[in-house]
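Participant: Could you have a look at this structure, given as structure tokens, before my questions?
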Amino acid sequence: MAGSSKKAIYGAIIANTAIAVSKFIAAFFTGSSSMLSEGIHSLVDTGNGALLLMGIKKSQKPADEQHPYGYGNEIYFWSFIVAVLIFALGGGIALYEGIEAVLHPPHEVDREHIKWNYAVLIFAMIFEGSALRVALNQFNANRGDKSFFQELVDIKDTSTAAIVIEDSAALIGLVIALLSVFLADMTGNVYFDGLGSILIGVLLISVSLFFAVECKDLLIGEGLMQSDLDKITGILDEDKNVDRYKRPLSLYFGPNEVLVNLDVNFKDELTSDDIELAIDRIESKIKAAIPAVNRIFIEAETIKTVAKAE
């Protein structure tokens with residue numbers, strides 16, 4: 001999954017770099033506030049892509065004495081930083097530029113250079129759409145029957161989610177910018193440009209808050225979804241040697257790194273060898289049913305207490 005995520009991120013970085021340059025050139029010639037906001041947005045997205053790549057690299061560091069469960073949570077931390085940057089740099093600056101343009105608008109629309117805006121926005125939409133398509137291919141690969149929004153909430157690979165969210169917001173922002181430029185051109189009303197920038201700012205702030213909340217849940221410790229817990233309890237219910245058990249405890253340490261703790265009471269007549277075999281069987285079934293689970297600790301009990309840890 002990491003390799004696929006990197007492919008989507010590289011695609012987004014290349015697209016956003018080219019788009020940012022073209023937007024800033026258009027903003028320079030036209031003085032468009034919404035175009036300047038879009039340029040800043042693309043520049044921030046380029047930097048965010050670099051941060052996500054760094055987060056993926058750091059998350060793949062092997063476990064050591066100080067971090068016995070590895071560094072998988074690094075990707076959640078850097079994804080949270082990306083959410084903050086979208087809010088502060090992308091949304092904040094766009095909102096500021098828009099308000100300034102409304103309060104202090106130019107005397108008239110610069111129709112002499114407005115063709116720059118049209119050309120750059122159409123060019124940007126093509127490239128941004130291509131980058132989004134790559135990200136969506138990765139995102140949809142594991143979506144199953146879930147709705148787009150539900151998968152966005154449930155997904156644990158925040159690097160892929162970040163690119164999908166950023167590229168989607170970028171495409172919507174481009175549509176807003178194109179409409180604001182078109183309306184200003186057709187009506188001669190200079191306030192449409194500033195209004196477009198304000199709407200882009202509100203869009204980015206809303207997106208960043210949503211993504212920050214999703215990252216926060218994983219940072220503070222999120223476990224498996226109920227559907228996955230049901231798979232684990234189903235495996236325990238079906239095992240002939242299991243008498244009873246407590247609710248499974250789980251914790252994500254990365255998109256594909258999950259710890260599961262089980263407290264299981266086996267039937268009293270079992271020998272130590274029988275319990276060993278039962279534990280191995282349960283662990284194998286859980287890992288086959290939920291591939292993200294890579295660590296399982298089982299506290300096994302009968303009349304004679306037997307414990308095994310992987």
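The values are calculated or read from the model by the stated rules, or taken from the named source; none is laboratory data. From a predicted model like this one, the values you see are computed outputs, not experimental measurements. In this analysis, Cβ positions are derived from the backbone assuming ideal geometry, glycine residues included, and neighbour counts consider all displayed protein chains. Remember, those area values only see protein heavy atoms, side chains included, never the ligands or the DNA or RNA. Shrake-Rupley method; radii C 1.70, N 1.55, O 1.52, S 1.80 Å.
Participant: Return yes when Asp243 is touching a residue at least 12 places away in the same chain (Cβ under 8 Å), open to solvent by 60 Å² or more (accessible area, probe 1.4 Å) and in a loop (DSSP other than H, G, I, E, B) and no when it is not.
Facilitator: The answer is no for Asp243.
Participant: Any idea which of Leu236, Leu270, Leu251, Leu259 is more than 29 Å from the chain's Cα centre (by Cα), under 30 Å from Asp157 (Cβ atoms) and in contact (Cβ under 8 Å) with a residue 12 or more places away in the chain?
Facilitator: On inspection, the qualifying residue turns out to be Leu236.
Participant: Pull up the stretch 158-171, narrow it to residues that are open to solvent by 10 Å² or more (accessible area, probe 1.4 Å) and not β-branched (Val, Ile, Thr), then point me to the one that is farthest from Asp217 (Cα to Cα).
Facilitator: Filtering first and then ranking leaves Leu171.
Participant: Same structure again: Out of Ile286, Ile282, Ile198, I need the residue that is touching an Asp or Glu at 6+ places or on another chain (Cβ under 7 Å), part of a helix (DSSP H, G or I), open to solvent by less than 80 Å² (accessible area, probe 1.4 Å) and among the aliphatic types (A, V, I, L, M). Which one?
Facilitator: From the options Ile286, Ile282, Ile198, the qualifying one is Ile282.
Participant: In this structure, does Gly254 turn out to be exposed (fewer than 15 other Cβ atoms within 10 Å of the Cβ), modelled with pLDDT under 90 and either under 27 Å from Lys61 (Cα atoms) or in contact with a His (Cβ under 8 Å, 6 or more places away or on another chain) (or both)?
Facilitator: no
Participant: Tell me, yes or no, whether the stretch 8-23 has at least one residue that is within 23 Å of Gly194 (Cβ to Cβ), touching a Gly at 6+ places or on another chain (Cβ under 6 Å), in contact (Cβ under 8 Å) with a residue 12 or more places away in the chain and surrounded by 15 or more Cβ atoms within 10 Å (Cβ to Cβ).
Facilitator: The answer is yes, given that some residue of the stretch 8-23 is within 23 Å of Gly194 (Cβ to Cβ), touching a Gly at 6+ places or on another chain (Cβ under 6 Å), in contact (Cβ under 8 Å) with a residue 12 or more places away in the chain and surrounded by 15 or more Cβ atoms within 10 Å (Cβ to Cβ).
Participant: Would you be able to tell me the number of residues in the stretch 104-121 that are over 16 Å from Ser197 (Cβ atoms), surrounded by fewer than 17 Cβ atoms within 10 Å (Cβ to Cβ) and modelled with pLDDT of 75 or more?
Facilitator: Of the residues in that region, 3 qualify.
Participant: Show the residue pairs that are 6+ apart or on different chains and have beta-carbon atoms under 6 Å apart, the first residue being within the stretch 43-71 and over 17 Å from Val21 (Cα atoms), the second being modelled with pLDDT of 85 or more and among the acidic types (Asp, Glu).
Facilitator: Here the result reads Gly55/Glu74; Lys58/Glu74; Ser59/Glu74, each pair linking the stretch 43-71 to a residue that is modelled with pLDDT of 85 or more and among the acidic types (Asp, Glu).
Participant: Which residue out of Leu152, Leu179, Leu174 is in a helix (DSSP H, G or I), open to solvent by 10 Å² or more (accessible area, probe 1.4 Å) and over 22 Å from Val213 (Cβ atoms)?
Facilitator: Exactly one of Leu152, Leu179, Leu174 is in a helix (DSSP H, G or I), open to solvent by 10 Å² or more (accessible area, probe 1.4 Å) and over 22 Å from Val213 (Cβ atoms), namely Leu179.
Participant: Same structure, new question: Given Lys23, Lys57, Lys6, which one is farther than 16 Å from Val82 by Cβ and basic (Lys, Arg)?
Facilitator: After applying the criteria, what remains is Lys23.
Participant: Does Ala63 satisfy being open to solvent by 20 Å² or more (accessible area, probe 1.4 Å), in a loop (DSSP other than H, G, I, E, B) and among the small types (Gly, Ala, Ser)?
Facilitator: Yes.
Participant: crowded, with 21+ Cβ neighbours inside 10 Å, of a type in the set (Val, Ile, Thr) and over 30 Å from Leu178 (Cβ atoms) - does that describe any residue in the stretch 66-80?
Facilitator: Scanning the stretch 66-80 turns up at least one residue that is crowded, with 21+ Cβ neighbours inside 10 Å, of a type in the set (Val, Ile, Thr) and over 30 Å from Leu178 (Cβ atoms).
Participant: Restricting the stretch 143-186 to residues that are among the acidic types (Asp, Glu) and over 17 Å from the mean Cα position of the chain (by Cα), which is modelled with the lowest pLDDT?
Facilitator: The extreme case among them is Asp145.
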